Amino acid sequence: MMTSSSWLNLAGRTAVVFGGASGIGRATAIALAGQRCNVLLADIDSQALDEIKTWDDVIDVNLKGTFLACKKFCDPSRTSRLLQAGGGAIINIGSVVSSYGNVGQVNYSASKGGVEGLTRSLAKEMALLSRSNEPPTSSIRVSCILPGFIDTPMASAVPDKILDKMRAKTALGRLGQPQDVANLVLFLASNRSSFITGETLECSGMLRI
Ligand SMILES: NC(=O)c1ccc[n+]([C@@H]2O[C@H](COP(=O)([O-])OP(=O)(O)OC[C@H]3O[C@@H](n4cnc5c(N)ncnc54)[C@H](O)[C@@H]3O)[C@@H](O)[C@H]2O)c1
């Protein structure tokens with residue numbers, strides 16, 4: 001006698017169920033799995049889809065946002081005026097996390113690593129442009145600061161236990177203050193750093209994750 005499973009003859013077939021995380025889709029997916037089908041679920045609520053969306057958001061804000069901002073300021077109409085006016089500096093903000101890695105921050109560290117690479121290549125492009133300009137004394141320099149753990153609203157979202165751990169891993173034994181990073185921005189923006197470009201500089205109190 002044929003069982004109901006063999007009568008349906010679905011074993012080994014592959015099914016894609018859209019909206020399979022809930023309701024009718026979920027029940028259908030369970031029923032198909034009961035027939036020994038290979039079931040693929042597609043649902044806007046799935047954790048995997050959330051992860052992809054988060055990845056896109058982080059890359060969009062940190063990397064694409066930096067690219068678009070740099071692109072705006074490196075437009076030929078702006079750069080020629082800037083060079084005529086004595087030059088300028090672009091200072092991007094990366095993170096030490098891209099150098100050392102951190103559990104749970106794959107998307108963030110990838111985006112910040114991208115900012116470092118963007119900085120180096122753009123520094124070369126701007127240096128080339130600066131050299132071809134008259135007078136050749138002015139330049140557009142591009143640098144990247146890698147903050148460690150800095151005491152800002154962003155860091156206040158981090159649990160105290162983790163912050164204590166980060167303090168312990170920081171040679172100077174404290175979180176940075178926003179002013180610590182701002183001071184480095186001032187230096188890189190000023191002519192005191194006129195021979196520095198394409199560099200990534202840590203402002204972390206020597207944090208080693
Ligand atoms: N705080 C830290 O420990 C730390 C460590 C390493 C790197 N950083 C980097 O330093 C930078 C500043 O961080 P923070 O600690 O001051 O964060 P924060 O959250 O205190 O401030 C960030 C500010 O940027 C604004 N913002 C976000 N996306 C924007 C966008 N697309 N365009 C314009 N503004 C936008 C937010 O509204 C907010 O006002 C970030 O790039 C962050 O990744 C911070």
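Just a few scattered comments:
- Residues that are over 19 Å from LEU201 (Cα atoms) and small (Gly, Ala, Ser) number at least 2 in the following helices (runs of 4 or more DSSP H) confined to the stretch 69-184: 76-84, 153-156.
- Within the stretch 195-209, residues that are surrounded by fewer than 16 Cβ atoms within 10 Å (Cβ to Cβ) sit with their Cβ atoms under 6 Å from residues that are not in a strand (DSSP E or B), at 6+ positions apart or across chains, in these pairs: MET206/ALA171; ARG208/LYS169.
- Residue selected from the stretch 79-112 under the condition more than 9 Å from the ligand (Cβ to nearest atom) and in contact with a Gly (Cβ under 9 Å, 6 or more places away or on another chain), by the criterion nearest to ALA123 (Cα to Cα): THR79
- Against the list (1) over 30 Å from ASP43 (Cβ atoms); (2) crowded, with 17+ Cβ neighbours inside 10 Å; (3) of a type outside the set (Lys, Arg); (4) within 13 Å of the ligand (Cβ to nearest atom), the condition LEU122 fails is (4).
- Pairs linking a residue in the stretch 145-161 that is aliphatic (A, V, I, L, M) to a residue that is near the ligand (Cβ under 8 Å from one of its atoms) and assigned to a helix (DSSP H, G or I), with Cβ atoms under 7 Å and 6 or more positions apart or on different chains, are ILE145/VAL181; ILE150/PRO178; ILE150/VAL181.
- Residue list for the stretch 185-200, restricted to those being touching a strand residue (DSSP E or B) at 6+ places or on another chain (Cβ under 7 Å), at pLDDT below 95 and either more than 12 Å from the ligand (Cβ to nearest atom) or in a loop (DSSP other than H, G, I, E, B) (or both): LEU188, ALA189
- The set of residues in the stretch 12-37 that are outside any strand (DSSP E or B) and either in contact with an Asp or Glu (Cβ under 8 Å, 6 or more places away or on another chain) or polar (S, T, N, Q) (or both) comprises GLY19, GLY20, ALA21, SER22, GLY25, THR28, GLN35.
The values are calculated or read from the model by the stated rules, or taken from the named source; none is laboratory data. None of the values given here were measured: they were computed from a predicted structure. A quick note on method: Cβ atoms are made from the backbone with ideal geometry, for glycine too, and the neighbour counts reach across all protein chains shown.
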